[in-house]
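Contents: one structure, followed by commentary.
The values are calculated or read from the model by the stated rules, or taken from the named source; none is laboratory data. Everything numeric in this text was worked out from a predicted model, so none of it was measured. Every residue, glycine among them, receives a Cβ derived from its backbone with ideal geometry; neighbour counts consider all protein chains shown. Just so you know, the surface numbers come from the protein's heavy atoms only, side chains and all, with ligands and any DNA or RNA stripped out. Shrake-Rupley method; radii C 1.70, N 1.55, O 1.52, S 1.80 Å.
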Amino acid sequence: MSDVALPLGHAAAEPAGERTHRGEALAAWLLTAPAILAFVLMLLIPTAAVVAIAFTDYELGAPALRFVGLANFAELLEDRGFVTSFRNTAFFVAVTTPVSIIGGLMLALLIESGTRGRAFFRAVFFLPVVSLMVAMATAFQYMFHPTIGPVNAALRGLGIVGPNWLGSSDSVMWTLAIIGVWEQIGFNMVLFLAGLTAIPRDLYAAAEVDGVRSAWSRFWTVTWPLLGPTSLFVLTITMIRSLRVFDIVATLTQGGPNKASEVLLYTMYTEGFTFFRMGYSAAITVVFLGAVVVLMLLQTRVLDRRVHYG
């Protein structure tokens, strides 16, 4: 009887275990269902709709649309305005990304090495991140005004004739890049401060025992290698934030003068909501999304291999 009871008991236990596993799986799906639903409804479906519209001639308010294939993308290659906005966006990313990253790291190192006023300086440098650019537009227009602005007034005090910062085609993108650095440097500083806080202090003591005594040597031997994951994250976030520049252009220059400050997102906005060419605007959006994906793949495939996660 005992020889028969063991297999029967074992067989009876299996359905109960399977029922428990199915119950846990069902609970997991129910818990994740709201996030999955939100992801599908708010990201996947709109993205798929934009990609689909990019291959049509749809205009905002039109009752119908027509499939045009790659005609919108072919028009992009011949559109001098799009080429200008793409070049301006690339310039903005190329200037603001390294300057805001290096500046954020330097500020984080200075604040971390200080003994007093850390909270105060964190708040001061983080203030641009929480400030609305629309509200700050008036301040920047005054600061960079060619005649009454304090920037040109300071330059005149040094015997230098300041440019028309926001009104000249030669200087407008440099001015917007300066504002972009001001906007992002505090955010990068906070991220680097979090990375610096996570580095064990014992490693600095061990490095000093091994003969690494200068601050510069400690930075390259201990700090910088262990900031690898943080630096990669900061680089990715900064490039994406720079690529989607829109608010400072919309509030300060509206793409002028003579489209010298047009960027991808502003061109996309004007084509879609000023000229109502939603198909063409969607094609610009697809190019923008493609640029973001390419940058992220390059960073994760090339730089991620050189990052120390120890």
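Return yes when ALA123 is open to solvent by less than 70 Å² (accessible area, probe 1.4 Å), free of Cβ contacts under 8 Å to residues at least 60 places away in the same chain and of a type outside the set (Ser, Thr, Tyr) and no when it is not.
For ALA123, the condition - open to solvent by less than 70 Å² (accessible area, probe 1.4 Å), free of Cβ contacts under 8 Å to residues at least 60 places away in the same chain and of a type outside the set (Ser, Thr, Tyr) - is met.
Quick one: count up the residues across segment 88-112 that are without any contact (Cβ under 8 Å) to a residue 24 or more places away in the chain and farther than 17 Å from ARG244 by Cα.
3
Looking at the structure I just gave you, is GLY81 small (Gly, Ala, Ser), in contact with a Lys or Arg (Cβ under 7 Å, 6 or more places away or on another chain) and within 25 Å of SER261 (Cβ to Cβ)?
yes
Working only within segment 138-194, note down all residues that are charged (D, E, K, R), closer than 23 Å to PHE126 by Cβ and surrounded by fewer than 21 Cβ atoms within 10 Å (Cβ to Cβ).
Residues satisfying the conditions do not exist here.
Any idea which of ALA62, ALA28 is small (Gly, Ala, Ser), at pLDDT below 95, outside the structural domain of THR285 (by TED's automatic domain parsing) and assigned to a helix (DSSP H, G or I)?
Answer to the check: ALA28.
Any residue at all in segment 269-291 that is crowded, with 17+ Cβ neighbours inside 10 Å and within 30 Å of TYR142 (Cβ to Cβ)?
Among the residues of segment 269-291, at least one is crowded, with 17+ Cβ neighbours inside 10 Å and within 30 Å of TYR142 (Cβ to Cβ), which makes the answer yes.
For the condition open to solvent by less than 60 Å² (accessible area, probe 1.4 Å), assigned by TED's automatic domain parsing to the domain that holds LYS259 and not aliphatic (A, V, I, L, M), what is the one hit in SER85, SER113?
Exactly one of SER85, SER113 is open to solvent by less than 60 Å² (accessible area, probe 1.4 Å), assigned by TED's automatic domain parsing to the domain that holds LYS259 and not aliphatic (A, V, I, L, M), namely SER85.
So which residues in segment 22-44 are under 24 Å from VAL287 (Cβ atoms) and open to solvent by 90 Å² or more (accessible area, probe 1.4 Å), if there are any at all?
PHE39, MET42
Provide a single number: the residues in segment 205-218 that are exposed (fewer than 15 other Cβ atoms within 10 Å of the Cβ) and under 19 Å from MET106 (Cβ atoms).
Result for segment 205-218: 4.
Output yes when any residue across segment 121-130 is in a loop (DSSP other than H, G, I, E, B), within 29 Å of the chain's Cα centre (by Cα) and among the aromatic types (Phe, Trp, Tyr), and no when none is.
no
Among (1) outside any loop (DSSP other than H, G, I, E, B); (2) open to solvent by 60 Å² or more (accessible area, probe 1.4 Å), where does LYS259 come up short?
It fails just one condition, (1).
Restricting the first residue to segment 36-51 and requiring it to be touching a residue at least 24 places away in the same chain (Cβ under 8 Å) and within 17 Å of ASN72 (Cβ to Cβ), which pairs with a second residue that is open to solvent by less than 90 Å² (accessible area, probe 1.4 Å) and not hydrophobic (A, V, I, L, M, F, W, C) meet a Cβ separation below 8 Å and a spacing of at least six or different chains?
VAL50/THR285
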